[in-house]
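Heads up: the structure comes next, in structure tokens.
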Amino acid sequence: MEPTMAVVMCMYLELGQVELTGKVAIELGAGTGLVGIVAALLGAKKVTITDREPALGFLAANVKENIPPDQLGAVEVSELTWGQGLERYPTGGFDIVLGADIVYLEDTFPSLLQTMEHLSSESSVVLLACKIRYERDTNFLSMLKQRFTVHEVHYDKERDIHIYKAVKLPARRDL
Ligand SMILES: C[S@@+](CC[C@H](N)C(=O)[O-])C[C@H]1O[C@@H](n2cnc3c(N)ncnc32)[C@H](O)[C@@H]1O
């Protein structure tokens, strides 16, 4: 699969509109790991690049190939299947949560949302590169908007790819 959405996300990160220097970032459903690798190269202090277990060998090899040896300590490849074993990751522990082309399996929407909520605090930024192909994709955005404020911050017209920025809403205090 062509990592087009990952490429558009990297182009967006390179614009510098989101501060990466010194930040702690995590990439979900990383595939090749391109986005996490670029985040590290652009100055993130620590990047955790995640995917399901079968993807990790390829991911680790890509990281080793593309990150300078003196920066390798700042990048970790780690198993994260959405919604599972989240206690292994600090609650609200990431400044930036990144995902390219990860909104496509409707069955995973609740666990993907749960994962984003777990990893982010109200000061974190979640960035998603998405192609809106089917109605289900807008359904995910609707679900996301119940827990996050969501804005489109970039649109690549040629490739029809959107970048959404989501910031967690304050926890509800139901009386
Ligand atoms: C379409 S690929 C996108 C890969 C990469 N982000 C890119 O843009 O090239 C979707 C990725 O999500 C991962 N994925 C799918 N379901 C997942 C789940 N339940 N938990 C974690 N990762 C999942 C897949 O393993 C795959 O790497």
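The values are calculated or read from the model by the stated rules, or taken from the named source; none is laboratory data. Computed from a predicted model, the values in this text were never measured in an experiment. Note that we place each Cβ from the backbone using ideal geometry, even for glycine, and neighbour counts take in every protein chain shown. These area figures cover heavy atoms from the full protein model, side chains too; ligands, DNA and RNA do not enter into them. Shrake-Rupley method; radii C 1.70, N 1.55, O 1.52, S 1.80 Å.
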In the set 19, 2, the lone residue that is more than 15 Å from residue 103 (Cα to Cα), modelled with pLDDT under 95 and either more than 10 Å from the ligand (Cβ to nearest atom) or more than 13 Å from the chain's Cα centre (by Cα) (or both) is 2
Within the range 25-42, the count of residues that are open to solvent by 30 Å² or more (accessible area, probe 1.4 Å) and more than 13 Å from the ligand (Cβ to nearest atom) comes to 2
Of everything in the range 88-101, what is within 15 Å of the chain's Cα centre (by Cα) and either assigned to a strand (DSSP E or B) or hydroxyl-bearing (Ser, Thr, Tyr) (or both)? Give them in sequence order. 89, 94, 95, 96, 97, 98, 99, 100
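Residue-by-condition table, conditions (1) open to solvent by less than 20 Å² (accessible area, probe 1.4 Å); (2) β-branched (Val, Ile, Thr):
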position: 69; (1), (2): no, no
position: 72; (1), (2): no, no
position: 86; (1), (2): yes, no
position: 89; (1), (2): yes, no
position: 104; (1), (2): no, no
position: 115; (1), (2): yes, yes
position: 118; (1), (2): no, no
position: 133; (1), (2): no, no
position: 137; (1), (2): yes, no
Among the residues of the range 43-55, how many are near the ligand (Cβ under 9 Å from one of its atoms) and over 22 Å from residue 113 (Cβ atoms)? 1
May I ask you to verify whether residue 106 is modelled with pLDDT under 95 and in contact with a Lys or Arg (Cβ under 8 Å, 6 or more places away or on another chain)? yes
Filter result (touching a residue at least 12 places away in the same chain (Cβ under 8 Å) and open to solvent by 70 Å² or more (accessible area, probe 1.4 Å)) within the range 147-164: 147, 151, 152, 159
Residues being in contact with a helix residue (DSSP H, G or I) (Cβ under 6 Å, 6 or more places away or on another chain) and either of a type outside the set (Val, Ile, Thr) or part of a helix (DSSP H, G or I) (or both) - total across the range 102-146: 8
